[in-house]
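For reference, the structure is listed below as structure tokens.
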Amino acid sequence: MSIAKPPPRLRLRLVEWLGLWALLLALGGLTSYSEYRNYQQDDASERSRLASQGQVFERILAAQVYAADRVMQGLRQEMALRQSKGAVTSNMDERLQVISVTLTGISTVFITNASGKIIHSNVASLVGFDTSGRDYFQIALKQRRPDSLFVSAPFTSALGKTSISLVREITGAHGEFDGVVLAALDPVFYGILLESIRFTPDTTTALVHGDGKVFVNAPVDATQLGKDLAVPSSFFTQHKASGRVASVFNGVTYLTSDVRMVAFQTVQPPELAMDRPLIVAVTRVPAAIHAGWLARVTQLAWLYAGLCVMVCTALFLYQRRRQVLQRLDRAKESALRASEARLRSFFEATPDALLISNAQGTITMANQQVEALLGYSLEELVGKSIEELVPTRSRGGHPKLREGFAATPTARRMAVGMGTKALRKNGSECDVEVSLSRIETDDGQFFASALRDVTERKAAEQKINALAFYDQLTGLPNRILLAERLKQTITASSRSSTTGALLFIDLDHFKTLNDTQGHDMGDLQLKQVATRLSN
């Protein structure tokens, strides 16, 4: 079963709509792809920016830890040397005070003996405090790694401050454990340092111990301090498991419990032999990152929607207008066809030969009567010059007559009673009466020529004229013509003061001939006399 095809006009409308939708979809797709690329570029740029901020902090922190470690190693060596010699270290507390002041980022520096008691400190109140129960002391005591820098987890110090301690073991002269040197990181200093790398209001930063506990953050959020990030599937855990120095993640963070872009940077220089790293976290809210992009996309979406509405409305109105114009055109064509049919019917029904020619005299249309009158077929006439139907002797002046009529195109009959001739195809001529009229069209000026064959009428007129003025028997002018000619002669003589003469001839005994020989002989005598007079 075949499916009926829609009409051509409906197919055209459908093709136009499909084409428009295809263009709009292509434009929308291209714009969407371009904006998606912009989104990716913004995302990549922000990832790089967050990672860069983390690297800046990492370089500063590494330099601070390195400086602190150099001081701690110097103190450790000095303590080992003095204890081996039994020397007194009476000025050590003052030196530690100077060190804490000059060494930025360090709040507390102290030295313990092998039992864990603080024997020297920059803070006098700490001297004598027992640290043997502290994790950092126990780790150094149990692990016995003099070359390692122990980094303690955040804890509350004896001074009531949250701190991360950097610890170095002091080894005695015989390799025995002889205490530790400790430098505590200052949370206030590193809070300020974290604040300095925040470049937008939505940026958050944090310094996290390698075991996962938050040491300090900016802006300060007390609920996050000490929070353990080392939970399964957290970004912190994924970063540590990856073994990378730097990582960037997108999603819901365990620290803030909202969607963020997070950059982690591990601080663990190989030359320091840190047993635990410090990790910097820099985060931003994706909505803030892509706020400019979202505003631009929203604007483009409105512009695209407006464009779609505008062009669809324009196409709809265009199709409606075209439909109206097509209906008008069809109505005009129908009326024109009806008019042409009526004209053609009249054109063919009229008994006269009709010709239509343009302003240049070229025949554009003819009816069947022309073929009967002149012998040309319709195909032969169309395209032929109207002058070719004029006898050769009159053809030279015809274009001027035609141009004169075009200049003053008043409908009129031409050459009535003047014996106008038309040239047939076979070269013969025929008597015609011509009527002309002008036709104004959108294509220019045209002229209608009606040719009526007056050959028979001419012959009839001549016959009537002969009957009226000539004797049928002799062919000589009759009494009426004689009287007319005498009147003309007398008038001419009076006008020119000349004289004229009249010859009167009478036949003797004509009545006797008719009576004796019969009227036939009388008629014969009259014919012979007429012949002699004519010659």
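Considering the conditions (1) among the small types (Gly, Ala, Ser); (2) under 47 Å from the mean Cα position of the chain (by Cα); (3) surrounded by 12 or more Cβ atoms within 10 Å (Cβ to Cβ), ALA314 is excluded by exactly one of them, (3).
Does ALA184 satisfy the condition of being buried (at least 18 other Cβ atoms within 10 Å of the Cβ), in the same structural domain as VAL65 (by TED's automatic domain parsing), small (Gly, Ala, Ser) and out of contact with any Asp or Glu (no Cβ under 7 Å at 6 or more places or on another chain)? It is true that ALA184 is buried (at least 18 other Cβ atoms within 10 Å of the Cβ), in the same structural domain as VAL65 (by TED's automatic domain parsing), small (Gly, Ala, Ser) and out of contact with any Asp or Glu (no Cβ under 7 Å at 6 or more places or on another chain).
The listed residues are SER242, SER234, SER247, SER257, and the only one of them that is at pLDDT below 90 and assigned by TED's automatic domain parsing to the domain that holds VAL151 turns out to be SER257.
Examine segment 32-46 for a residue that is closer than 30 Å to HIS209 by Cα, in a helix (DSSP H, G or I) and touching a residue at least 24 places away in the same chain (Cβ under 8 Å), and state whether such a residue exists. Yes, some residue in segment 32-46 is closer than 30 Å to HIS209 by Cα, in a helix (DSSP H, G or I) and touching a residue at least 24 places away in the same chain (Cβ under 8 Å).
Among all positions in segment 202-223, there is no residue which is more than 28 Å from THR104 (Cα to Cα), out of contact with any helix residue (DSSP H, G or I) (no Cβ under 7 Å at 6 or more places or on another chain), modelled with pLDDT under 95 and of a type outside the set (A, V, I, L, M). If the condition is being surrounded by fewer than 21 Cβ atoms within 10 Å (Cβ to Cβ) and in a helix (DSSP H, G or I), then segment 214-262 contributes THR237, GLN238, LYS240, ALA241, SER242.
Taking (1) out of contact with any strand residue (DSSP E or B) (no Cβ under 6 Å at 6 or more places or on another chain); (2) crowded, with 17+ Cβ neighbours inside 10 Å in turn, LEU149 satisfies each apart from (1).
Here ALA353, ALA314 are screened, and the one residue that is of a type in the set (A, V, I, L, M) and closer than 30 Å to VAL434 by Cβ is ALA353. Between VAL101, VAL167, VAL127, the distinction of being closer than 26 Å to VAL267 by Cβ, assigned by TED's automatic domain parsing to the domain that holds PRO270, of a type outside the set (D, E, K, R) and modelled with pLDDT of 90 or more belongs to VAL167 only. Please go through segment 195-210 and pick out each residue that is buried (at least 16 other Cβ atoms within 10 Å of the Cβ) and not small (Gly, Ala, Ser). Those that are buried (at least 16 other Cβ atoms within 10 Å of the Cβ) and not small (Gly, Ala, Ser): ILE197, ARG198, THR203, THR204, THR205, LEU207, VAL208, HIS209. Taking residues in segment 56-78 that are in the same structural domain as TYR190 (by TED's automatic domain parsing) and over 16 Å from ASP275 (Cβ atoms), and partners anywhere that are surrounded by 18 or more Cβ atoms within 10 Å (Cβ to Cβ) and polar (S, T, N, Q), the pairs with Cβ atoms closer than 6 Å and at least 6 places apart or on different chains are GLU58/GLN265.
Would you say GLN265 is of a type in the set (S, T, N, Q), modelled with pLDDT of 95 or more, more than 44 Å from the chain's Cα centre (by Cα) and surrounded by 14 or more Cβ atoms within 10 Å (Cβ to Cβ)? The answer is yes for GLN265. With respect to the stated conditions, ALA68 is over 60 Å from the mean Cα position of the chain (by Cα), crowded, with 17+ Cβ neighbours inside 10 Å and either over 27 Å from GLY133 (Cα atoms) or at pLDDT 90 or above (or both).
Taking every residue in segment 313-330 that is not assigned by TED's automatic domain parsing to the domain that holds TRP17 and pairing it with any residue that is in a helix (DSSP H, G or I) and surrounded by 10 or more Cβ atoms within 10 Å (Cβ to Cβ), at least 6 positions away or on another chain, the pairs with Cβ-Cβ distances below 6 Å are LEU315/LEU20; GLN319/ARG13. Of the strands (runs of 3 or more DSSP E) contained entirely in segment 402-443, those carrying at least 1 residues that are at pLDDT 80 or above and touching a strand residue (DSSP E or B) at 6+ places or on another chain (Cβ under 9 Å) fall at 421-423, 429-441.
Being assigned to a helix (DSSP H, G or I) and of a type in the set (Asp, Glu), is that true of even one residue in segment 267-274? Yes, some residue in segment 267-274 is assigned to a helix (DSSP H, G or I) and of a type in the set (Asp, Glu).
Considering every residue within segment 105-124, establish whether at least one is without any contact (Cβ under 8 Å) to a residue 60 or more places away in the chain, closer than 30 Å to VAL214 by Cβ, assigned to a strand (DSSP E or B) and out of contact with any Leu (no Cβ under 7 Å at 6 or more places or on another chain). So far as segment 105-124 goes, no, none of its residues is without any contact (Cβ under 8 Å) to a residue 60 or more places away in the chain, closer than 30 Å to VAL214 by Cβ, assigned to a strand (DSSP E or B) and out of contact with any Leu (no Cβ under 7 Å at 6 or more places or on another chain).
Taking ILE464, is it modelled with pLDDT of 75 or more, out of contact with any Ser or Thr (no Cβ under 8 Å at 6 or more places or on another chain), under 25 Å from LEU378 (Cβ atoms) and of a type in the set (A, V, I, L, M)? No; evaluated as a whole, the condition is false for this residue.
The conditions of being within 19 Å of ASP178 (Cβ to Cβ), in a helix (DSSP H, G or I), free of Cβ contacts under 8 Å to residues at least 12 places away in the same chain and among the aliphatic types (A, V, I, L, M) are not met by LEU96.
Every residue, every condition in (1) of a type in the set (Val, Ile, Thr); (2) assigned by TED's automatic domain parsing to the domain that holds LYS400; (3) under 50 Å from the mean Cα position of the chain (by Cα), yes or no:
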residue: ARG337; (1), (2), (3): no, no, yes
residue: GLU340; (1), (2), (3): no, no, yes
residue: LEU355; (1), (2), (3): no, yes, no
residue: MET365; (1), (2), (3): no, yes, yes
residue: LEU373; (1), (2), (3): no, yes, no
residue: LEU381; (1), (2), (3): no, yes, no
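The values are calculated or read from the model by the stated rules, or taken from the named source; none is laboratory data. Please read all numbers here as calculations on a predicted model, not as lab measurements. A quick note on method: Cβ atoms are made from the backbone with ideal geometry, for glycine too, and the neighbour counts reach across all protein chains shown.
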